[in-house]
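Have a look at the structure below, then the notes.
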Amino acid sequence: ILSRCEEEGNYSALVHVIGRIFSNADALIKSFRKEEPSVTKNLDSLQSKEEEKQSDLSSEKVFSSASSPDETPNGVPNSCEPTVDIDAVRRVYDKLLSIDQVESALVNALIYLTPNVELDLEYLDVYETNPDYLNIFIIVMENSNLHSPEYLEVALPQFCKAMSKLPLIALARLSKLWSTCGLPHIRRMMETFQQLITFTVLSNEYGMENLVNDDETVVAATKCLKVVFYASILGGEVDIEHNEEDDEDSESDELTLHELLGEDRLYKKGPRIDPLEKELGVRPIDCIKPLIPFEDFINESVNEVIEMDKDFTFFKVNAETKFSFQSCPFILSVITKSQGLYYDNRIRMYSERRLTALYSMVQGQQPNPYLRLKVRRDHIIDDALVRLEMISMENPSDLKKQLYVEFEGEQGVDEGGVSKEFFQLVLEEIFNLDIGHIFLLWQVLYQSMKEVLEYTGSLEEDMMLTFQISHTDLFGNPMLYDLKEKGDQIPVTKENRQVRIFATLYSISVRYLFDPHIFMPMDRTLNK
């Protein structure tokens, strides 16, 4: 068709066919189908018959083919694999996108197509009856010009809204398919959605009365970007050996009390697992090296206009009715995420204070709503670590309370200034090179680990090391910790000795700064 149009110098026939096919969901679903054996067998006869037909009719048959023999009577394919011939799609796009008239036809067709697709997905559940409906999105996303200005105004926003209506299983199929397309194609898709988000944010003004969370285009494009994000993970290096979620968080007295107080919605935890993450069976923390670096998914324009206090409320309380960017954390910068952590910590502190007061009234005890640290200035780190370790062993929930610092022998009420001075002194002490006792320890540790790294014999037989370490607690009692699940049964070999050394260093470092219970087992950190 293209050759005939070039000879005549008139592309109206091609434009007409493209407009008819790309604006019709049923026609596009049946287009670019993978060839079945029966089709290949009769290819020559089929081509000769097509040449005898009129221009428009033959054009439509090039883009649309009949149902394949492997389809069920209602048109649903027996296989869950996509039925689109992606190579054929790319070949057609390569020839068409250089023609201005064709580009306009594709834009107009997409504008006409997407509202109908969105309605079909939202109200008719078309994907459940015909999984090949996914072909529409596969074909459209192969258009390498989607990021161009012609699409950004109307066509691409409408397409993203329609794509965001796909059911979870369809989004997972799409992510798996794109993960096999290679880095150039995944990066192009990522940049397409990112450009739409940036273009939309810069084209509007947001504030407390006009939140970016309420912008349908930004929200839809972010949801589409999530599909590409997981495709990048699936296409990269992933360790899924230990990706089972811990089931340690069960219903507690805290949750029950909040329910009694009518505050369970305010203090409830957000969703632990992203639905798409669960459907795909892979987590970002399991990714060793994604196809696209995580930082490339951060959108600075969104981070500049997001109202984190509102977004956090949506995430915690109104997740069913309001979109929160914390459900797509890959798009947020570290600074923005830290703001979310700040609000989370403040709510937890407030929660602990209320619960402490309630317990005190019920049990007749003096309320203790703060985490009190009494330290000596000349032993500030040692006193703080000893006190924190004792608290973590006696009542770990106290670590959620607001910090209240008191310097021994000094009078004063900590209204924020004393805590600030405490942290300043701790930082000065940490970076003080005169602290030698922590470094005599590191020298010995360094020498022993160096020997393990450089040892040329059999580590299993000669050193008999495992992924279990020991240390003494505050009272000098020996304690054993597994760096990995059943670590005492995992021998250290030449192949895994670097992992063993990293895990040991990490464990010791964390123990110096935090509650020693929070870093065991080490599987997630080792995977990352």
Taking protein heavy atoms only, a 1.4 Å probe, and rounding to whole percent, the accessible area of region 137-236 owed to carbon and sulfur comes out at 52
Residue separation between S333 and E460 times 0.36 nm, minus their alpha-carbon distance, gives in nm 41.3 nm
Long-range amide H partners of L373, meaning residues 5 or more apart or on another chain whose placed amide H is closer than 5 Å, are Y404, V405, E406
Roughly to the nearest percent, how much of the accessible area of region 277-374 is carbon and sulfur, given a 1.4 Å probe? 54
I'd like the FRET efficiency for K374 and Q447, computed as 1/(1 + (r/R0)^6) with the beta carbon distance as r and R0 of 35 Å, rounded to 0.05. 0.40
Would you give the gap between the C-alpha center of region 147-163 and the C-alpha center of region 283-349, rounded to a whole Å? 24
How far apart, in nm, are the 7 Å Cα→Cβ label points at Q498 and I1? 5.4
Tell me which residues come under 5 Å, amide H to amide H, from T466 once H is placed; ignore anything under 5 positions away on its chain. V492
Spelling out what I want: for every residue of region 495-505, take phi, set θ = phi - 60°, compute 6.51 cos²θ - 1.76 cosθ + 1.60 (Karplus), and round to whole Hz; glycine and proline get x. 6, 10, 5, 5, 5, 4, 5, 4, 4, 5, 4
Taking R0 as 22 Å and r as the Cβ-Cβ distance between S360 and V413, the FRET efficiency 1/(1 + (r/R0)^6), rounded to the nearest 0.05, comes to 0.60
Listed residues Y123, Y11, Y343 arranged by accessible area, highest first, probe 1.4 Å: Y123, Y343, Y11
Table column - 3J(HN,Hα) (Hz), region 457-462, Karplus curve with 6.51, -1.76, 1.60, x for Gly and Pro: x, 8, 5, 4, 8, 8
Per-pair calculated FRET efficiency, R0 = 30 Å: A27 and Q101 via Cβ, rounded to 0.05: 0.90
Can you give the relative contact order of region 326-397 as a percent, counting alpha carbon pairs under 8 Å and 6+ residues apart? 15
Mean accessible surface per residue for region 85-242, computed with a 1.4 Å probe while every protein chain stays in place, in Å²: 42
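Compute the length gained on full extension between Q468 and L168: take 0.36 nm times their separation in residues and subtract their Cα-Cα distance, giving the result in nm to one decimal.
On the way: separation 300, 0.36 × 300 = 108.00 nm, distance 4.04 nm.
Between Q468 and L168, full extension yields an extra 104.0 nm.
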Taking the convex hull of the alpha-carbon atoms of region 269-323 and averaging its shadow over every direction gives an area in square nanometres of 5.1
Can you run phi through the Karplus equation (6.51, -1.76, 1.60; θ = phi - 60°) for region 341-356 and list ³J(HN,Hα) in whole Hz, with x for Gly and Pro? 5, 4, 5, 4, 5, 4, 5, 5, 4, 4, 4, 5, 5, 5, 5, 4
Amide H to amide H, which residues 5 or more places from R33 or on other chains are under 5 Å from it, using H placed in the peptide plane? S65, D85
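The values are calculated or read from the model by the stated rules, or taken from the named source; none is laboratory data. Model, not experiment: these values are computed from the prediction. Glycine gets a Cβ as well: all are built from the backbone with ideal geometry, and neighbour counts include every protein chain shown. When the accessible area is computed, the model is the full protein with side chains, heavy atoms only, and any ligands, DNA or RNA have been set aside. Shrake-Rupley method; radii C 1.70, N 1.55, O 1.52, S 1.80 Å.
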